[in-house]
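Shown next, in structure tokens, is the structure this report addresses.
Throughout, read-outs are computed from the coordinates displayed, never taken from laboratory work. Worth saying up front: this structure is predicted, and the values here are computed from it rather than measured. Backbone-built Cβ (ideal geometry, glycine too); neighbour counts: all protein chains shown.
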Number of protein chains: 4
Amino acid sequence: MSSPIRVTVWGENYHEHSERDREGMAQRYPDGMHGAIAAGLSELLGDAVSVRTATQDQLEHGLTADVLDNTDVLTWWGHATHAGVSDEVVDRVHQRVLGGMGLLVLHSGHFSKIFIKLMGTTCSLSWRNSADAELVWTVSPSHPIAAGVPQPIVVTEQEMYGEFFDIPEPDELVFVSGFSGGEVFRSGCCWRRGRGKVFYFSPGDQEYPVYHHPDIKRVLANGVQWAAPTSADFAPPAVRNEPGPLLAGRLSGPEVSA
Amino acid sequence: MSSPIRVTVWGENYHEHSERDREGMAQRYPDGMHGAIAAGLSELLGDAVSVRTATQDQLEHGLTADVLDNTDVLTWWGHATHAGVSDEVVDRVHQRVLGGMGLLVLHSGHFSKIFIKLMGTTCSLSWRNSADAELVWTVSPSHPIAAGVPQPIVVTEQEMYGEFFDIPEPDELVFVSGFSGGEVFRSGCCWRRGRGKVFYFSPGDQEYPVYHHPDIKRVLANGVQWAAPTSADFAPPAVRNEPGPLLAGRLSGPEVSA
Amino acid sequence: MSSPIRVTVWGENYHEHSERDREGMAQRYPDGMHGAIAAGLSELLGDAVSVRTATQDQLEHGLTADVLDNTDVLTWWGHATHAGVSDEVVDRVHQRVLGGMGLLVLHSGHFSKIFIKLMGTTCSLSWRNSADAELVWTVSPSHPIAAGVPQPIVVTEQEMYGEFFDIPEPDELVFVSGFSGGEVFRSGCCWRRGRGKVFYFSPGDQEYPVYHHPDIKRVLANGVQWAAPTSADFAPPAVRNEPGPLLAGRLSGPEVSA
Amino acid sequence: MSSPIRVTVWGENYHEHSERDREGMAQRYPDGMHGAIAAGLSELLGDAVSVRTATQDQLEHGLTADVLDNTDVLTWWGHATHAGVSDEVVDRVHQRVLGGMGLLVLHSGHFSKIFIKLMGTTCSLSWRNSADAELVWTVSPSHPIAAGVPQPIVVTEQEMYGEFFDIPEPDELVFVSGFSGGEVFRSGCCWRRGRGKVFYFSPGDQEYPVYHHPDIKRVLANGVQWAAPTSADFAPPAVRNEPGPLLAGRLSGPEVSA
């Protein structure tokens, strides 16, 4: 597809305004986490993308039918207010993914309604917020999402996410992280669902400036390109009553007469 | 585990009583489809299993907390009344699967609430009911579910189920069926979800006596053994706040000082 | 990569000259099978590729170090003279694949030395040459190799290849074929090996004009684009003695003192 | 299968006798590493297995046709003298694996001829021998090989093996290790090849007493049970000329007349 990939960067936009976090967030992310993520994509992908943002506090969480109808890839960062996302919007996003939209689920988005609905599991994990170092190792060097990133990506401070991560076995496992506490985590995972693609990438806690890290920005940019749809038709798979056989077959031969 | 696998065979038990189907069903399945499936498992697995049945028309669809607490493997056949299964029971079954219970989803159970919830996709497919022959080919000969079945299993008459089958890519693909109309179908698929295992097996329309077929009975018996839990603990994975690191690590060396 | 993908289409070029086949081949493939495959790629991909051919009867089978050093994607069709391919050339191709070159293995190439070496299995299958119809069904509709092909691709006459196909489970299964004889076959399979990608696609027996089929040409063009390397560095993975740890860790806490 | 699993524990038996290592080996492994591994299997599996050992210095490396004909599962530890293993024996083991024999490849066996032949890749990795702590995390808790092991297994001192590990993507990824240096490694990996099963497990350097660790012994015992064949027939898959179709099919309908 030669036209730009239409990306919507969705942000919970809670920590940016909460009493506890707003000061630190303003320093790390003056335009919000969604603003930083959007800026990173535009910086790295230029004319290849057309990026907008949407946040949970907007009408219909900023994900109206019209917005989704014009979104090729959606990125999702949420944490504190997953339960406040309306089921109707979740269903709408779910249908769009099954129809072909790419979805990047980021960090604490592992517990979002949309990710749990797509995975079918609890999506639970182990965690500890103690400013661990995180090393992000590539285990699939020919994967397009790993193109141009060092081995390993070094994130000097980050919340620890550890196994067991209760997800379906990834269709493609791209990154595995190690933490200074000794934990490991499948931190970059791909799945296909319906006609759409899903990429989960774990680095990105709100208390650390991870989305300004050049290698992390590269991974997100690669992820958007990988997840972009290959078709302009966004109809989810549907049941189909086949009118008639293409082959006029019948059992032949004595060996199957029983 | 040396004690018997506790199997609950769940049946929708609708066609058995519907005006349109009851006569044919009484001939093909005098004890109901669930009765036939249960009898096949007991016949082939003997003392290795303890089999009971449950049906949708029972209180809580026969799947009370007590029944599920004593079920290692659940088999699920439904078709006409998926929507009538209560969400509460579906959630209960879902939690039990994530905790380790095996689940065999049969034929039109592809559209059951529990299967869709576990898969995260539409689970739609193509179909045609024209008494096609179905040949069930093994594509994973070392898989325990394929043990002792011929190449191919020949089902002389069966509803056609064809691709595209909208499921997550199976963790283990065991069988692929070909139909006399030229269609193909991933008819034997395994997934791991949480601590539990799921096996989908498609042959088994109510209008054909498929569950009396010796090779089909063998597949179901193998499936029960494969899906049986490896632990007596049925707690689903849960989020865990790690109290402290096992390793006292810190970044070392100048190359990561940035 | 904005520069053209450098494709080398390799042909055994035996049937084109054998007494038994040369007349029919001249009608179906006046420029050889390799010529037809190369023409199809150029027709569909235009400036995005730079295509040349090489054949087994050439010096070093046309796959000198220089040719391979300038090949991004290699396609391989062989059948009657697999044993005549020198081990030295096979090792050279193998190293190039592990270094990042894409490889498309076509039809009877399943028994080529290079495919067996990359797969580690016998790569055996069932077959019958009786002009069966082959229907090629897409089972991964979001896969780039399936973009723009109908469901199913209809090949009116073709040799039958059937299961069990003794290959490692594909990393990505794109197509499954059904035949008029009732057989099925995993006909479009992807693997990653080292830093390279391998795509096997089965339609294409020399006795049928399959490589002129527009949908088959589309699959090959998609396959070349999918298999193209993401890096200009073609060094295979190599053992590496890590000089020192990135993290200065030690076991901490009494619980691990044992 | 109710009869005991016939296990052959194969050892290189080099470090046990080399001038540099023999003293330390005698302390850690007075009966050789193969002796310790064999003793662990017998201790944990009792009558369920019948265990013998074989070593590289024996005639035909102790792997005569007769020994292999009576082996259900082979475990392989080698390191310093991979090149000294004869290709004839490697081919014999390869055929037996494709025919259904289970194979456990241990630690430095990643560079053995048999593993490379089965994988098709370089099997290279990163390493550092600096007595790192290794934490072995389960990422597939329902997998039988993970039954009964703690989360994580703590190995207090061990050689570091790190990514990128150049292997085909595992069919089933069971364990991922983290090291005190920050590295990660896919340390427990399953593949199916032909009719056989392969399990690679990395903990086990000769300089540390890893095979006396109760959890490591448990993993090996689980691995043997998982890899055991499901059939008494050990013929590798072979090409098969199908005599005739099971279905007498032909293309039907105007839509395929083109």
Positions within region B:122-143 being out of contact with any strand residue (DSSP E or B) (no Cβ under 8 Å at 6 or more places or on another chain), more than 19 Å from D:PRO236 (Cβ to Cβ) and of a type outside the set (A, V, I, L, M, F, W, C), in sequence order: B:THR122
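Conditions tested, residue by residue: (1) in contact with an Asp or Glu (Cβ under 8 Å, 6 or more places away or on another chain); (2) under 18 Å from A:THR75 (Cα atoms); (3) among the acidic types (Asp, Glu).
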{"site": "A:SER3", "(1), (2), (3)": "no, no, no"}
{"site": "A:ARG6", "(1), (2), (3)": "yes, yes, no"}
{"site": "A:ASN13", "(1), (2), (3)": "yes, yes, no"}
{"site": "A:GLU23", "(1), (2), (3)": "no, no, yes"}
{"site": "A:GLU43", "(1), (2), (3)": "no, yes, yes"}
{"site": "A:VAL51", "(1), (2), (3)": "no, yes, no"}
{"site": "A:GLN58", "(1), (2), (3)": "no, yes, no"}
In region D:53-70, is there at least one residue being polar (S, T, N, Q) and more than 18 Å from the chain's Cα centre (by Cα)? yes
Here is a check on your reading of the model: is D:ARG28 more than 19 Å from D:PHE234 (Cα to Cα), surrounded by 17 or more Cβ atoms within 10 Å (Cβ to Cβ), over 20 Å from the mean Cα position of the chain (by Cα) and not hydroxyl-bearing (Ser, Thr, Tyr)? yes
Among the residues of region B:82-90, is any outside any helix (DSSP H, G or I) and not hydroxyl-bearing (Ser, Thr, Tyr)? yes
Answer yes or no as to whether B:SER124 is assigned to a loop (DSSP other than H, G, I, E, B), closer than 18 Å to B:PRO203 by Cα, facing chain A (nearest Cβ under 9 Å) and among the small types (Gly, Ala, Ser). yes
Please determine whether any residue of region A:194-213 is touching a Ser or Thr at 6+ places or on another chain (Cβ under 7 Å), under 13 Å from D:VAL184 (Cβ atoms) and away from chain B (no Cβ under 14 Å). no
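For every residue, the table says whether it meets (1) out of contact with any strand residue (DSSP E or B) (no Cβ under 6 Å at 6 or more places or on another chain); (2) crowded, with 23+ Cβ neighbours inside 10 Å.
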position: B:PHE185; (1), (2): no, yes
position: B:GLY194; (1), (2): yes, yes
position: B:TYR200; (1), (2): no, yes
position: B:PRO203; (1), (2): no, yes
position: B:TYR208; (1), (2): no, no
position: B:ASP215; (1), (2): no, no
position: B:ALA227; (1), (2): no, yes
Give me a count of the residues in region C:16-59 that are assigned to a helix (DSSP H, G or I), out of contact with any strand residue (DSSP E or B) (no Cβ under 9 Å at 6 or more places or on another chain) and without any contact (Cβ under 8 Å) to a residue 40 or more places away in the chain. 6
Scan region A:11-31 and tell me whether some residue there is in contact with a Lys or Arg (Cβ under 6 Å, 6 or more places away or on another chain) and either of a type outside the set (Asp, Glu) or under 23 Å from A:GLU157 (Cβ atoms) (or both). no
A careful count of residues in region D:133-170 that are among the small types (Gly, Ala, Ser), within 19 Å of the chain's Cα centre (by Cα) and more than 27 Å from D:GLY120 (Cα to Cα) gives 1
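Give region C:60-81 a look and list any residue that's assigned to a loop (DSSP other than H, G, I, E, B) and charged (D, E, K, R), or say none.
C:ASP72, the sole residue that qualifies.
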Take C:GLY182 and decide whether it is on the phi > 0 side of the Ramachandran plot and facing another protein chain (nearest Cβ under 7 Å). yes
Determine if region C:89-102 includes at least one residue that is closer than 16 Å to C:ASP215 by Cβ and either in contact with a strand residue (DSSP E or B) (Cβ under 7 Å, 6 or more places away or on another chain) or within 11 Å of chain D (Cβ to nearest Cβ) (or both). no
Name the residues in region B:132-156 that are surrounded by fewer than 20 Cβ atoms within 10 Å (Cβ to Cβ) and at the interface with chain A (Cβ under 10 Å from one of its Cβ atoms), would you? B:VAL154, B:THR156
Long-range neighbours under 7 Å by Cβ, at least six apart or interchain, first residue free of Cβ contacts under 8 Å to residues at least 12 places away in the same chain and under 21 Å from C:ARG186 (Cα atoms) within region B:125-149, second assigned to a loop (DSSP other than H, G, I, E, B) and of a type in the set (S, T, N, Q): B:SER142/D:THR230
Taking the stated definitions as given, is A:ARG186 touching a Leu at 6+ places or on another chain (Cβ under 7 Å), without any contact (Cβ under 8 Å) to a residue 24 or more places away in the chain and of a type in the set (Lys, Arg)? yes
Check C:SER124 against each of (1) closer than 15 Å to C:VAL9 by Cα; (2) buried (at least 20 other Cβ atoms within 10 Å of the Cβ); (3) not charged (D, E, K, R) and name the one condition it does not meet. (1)
Consider region D:110-123. How many of its residues are touching a helix residue (DSSP H, G or I) at 6+ places or on another chain (Cβ under 8 Å) and in contact (Cβ under 8 Å) with a residue 40 or more places away in the chain? 6
Test: C:GLY249 is under 30 Å from C:ALA26 (Cα atoms) and within 12 Å of chain D (Cβ to nearest Cβ): no
Residue in region A:74-111 that is nearest to the chain's Cα centre (by Cα), counting only those that are buried (at least 20 other Cβ atoms within 10 Å of the Cβ) and hydroxyl-bearing (Ser, Thr, Tyr): A:THR75
Scan of region A:1-15 for residues that are among the hydrophobic types (A, V, I, L, M, F, W, C) and either free of Cβ contacts under 8 Å to residues at least 24 places away in the same chain or assigned to a loop (DSSP other than H, G, I, E, B) (or both), ordered by number: A:MET1
